[in-house]
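The structure appears right after this line, and notes come after that.
Read the figures in this text as sums done on the coordinates, not as results from a lab. On a predicted model such as this, the values are computed, not experimentally measured, just so you know. Positions of Cβ are generated from backbone atoms using ideal geometry, with glycine treated the same way; all protein chains shown enter the neighbour counts.
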Amino acid sequence: MSRIEVLARPKTVPQNFQEDRRSVYWVDRKPLRTGPNGTTTIEVSDRVAELSKNRDPNPNYQFDKPTPIWEVKPGALRATASARVTTLAQHRDAHQNHQMERSPYTDITDGAKKAKLSQRVEDLAIPKSRVDRYDVNETQWGQRQPVSDAAKKAVASERVEALAEAKPYHSNFQHAKPIMWEVSDLAIKALASLRLQQLSRPRSRTMIKDDYDPYEVSRGARRARPTPRVEELSVPLPRKTREKKVV
């Protein structure tokens, strides 16, 4: 059989091939139908039947009491409390320094009723005048603070006058430099020297050689010899050197 005949043969259908449904309403199997008594009968496996059983309670499980009232045993009825139980059953006494709450109604003593005020108390009981409370020389409570005559006639001492003088600036103090300042005539008419002109010129790219190799070592560097001091500094420290092991 030629190659073309082999390729022309149709592809075989596998054994487990399932044809696509021609409609979404088609089912793979027939639905369950009701039995003779009108209900659907389903067969359950032994494992499913075992799992469907309810769980048995623990053998030590105790159910809740049906009522909070229960019978008292005859032994408990005839029991006699000990001295310790009797002591603990007594209520706690109040502290020896405990005082009951004070009544909101207080009685005024006869001494307070017959008391006479002193002149100082009467002066303090007089309300303050608020007539001049908007004056300039007043405190937050409204009373004025006039300047005494002695303060007006006082003469300051030399020390007080010296302390009252403003502190002068330092001899080397300089004020802030203004943002704009005039350029001097010498700076305007100054001529740059030849050296300054050479340094101010940007480096020309035409001076760079095409065959320049920055990694090439010059002949002078090849023939150079270190000084004794450089050789001494290049020697490693004795504590960091060790001989190689020869096998």
Exercise. Contour minus end-to-end for V230 and E165, with contour as 0.36 nm per residue of separation and end-to-end as the Cα-Cα distance?
Worked result: 16.6 nm
Seminar exercise, completed: Set K116/K152; K30/K53; K53/K73, cut-off 32 Å on Cα-Cα distance; pairs above it are K116/K152; K53/K73
Exercise. How would you classify the chain from its alpha-carbon gyration tensor, with a ≥ b ≥ c the square roots of the eigenvalues: rounded for a/c under 1.5, else prolate if a/b is greater than b/c, otherwise oblate?
Worked result: oblate
Exercise. Between V44, T67, T86, whose Cα lies farthest towards the positive end of the dipole of region 39-86 when Lys and Arg beta carbons carry +1 and Asp and Glu beta carbons carry -1, centred on the Cα centre?
Worked result: T86
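Return a whole-number percent for the relative contact order of the chain, with Cα pairs under 8 Å and 6 or more residues apart as the contact set.
After rounding, I find 3 percent.
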For this session: Just grab the label-to-label distance for L32 and A76, each label 7 Å out from Cα along the Cβ direction, in nm (one decimal).
Result: 5.5
For this session: Grab the beta carbon distance between Y61 and V85, set R0 = 30 Å, and tell me the FRET efficiency rounded to 0.05.
Result: 0.35
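If you stretched the chain out fully between A150 and R201, how much longer would it get, using 0.36 nm times the residue separation minus the C-alpha to C-alpha distance? Before the final figure, lay out the partial values.
Working: separation 51, 0.36 × 51 = 18.36 nm, distance 8.11 nm.
In short, 10.2 nm is gained.
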For this session: Could I have the simple spin-label model distance between K177 and L117, label points 7 Å from Cα toward Cβ, reported in nm to one decimal?
Result: 7.6
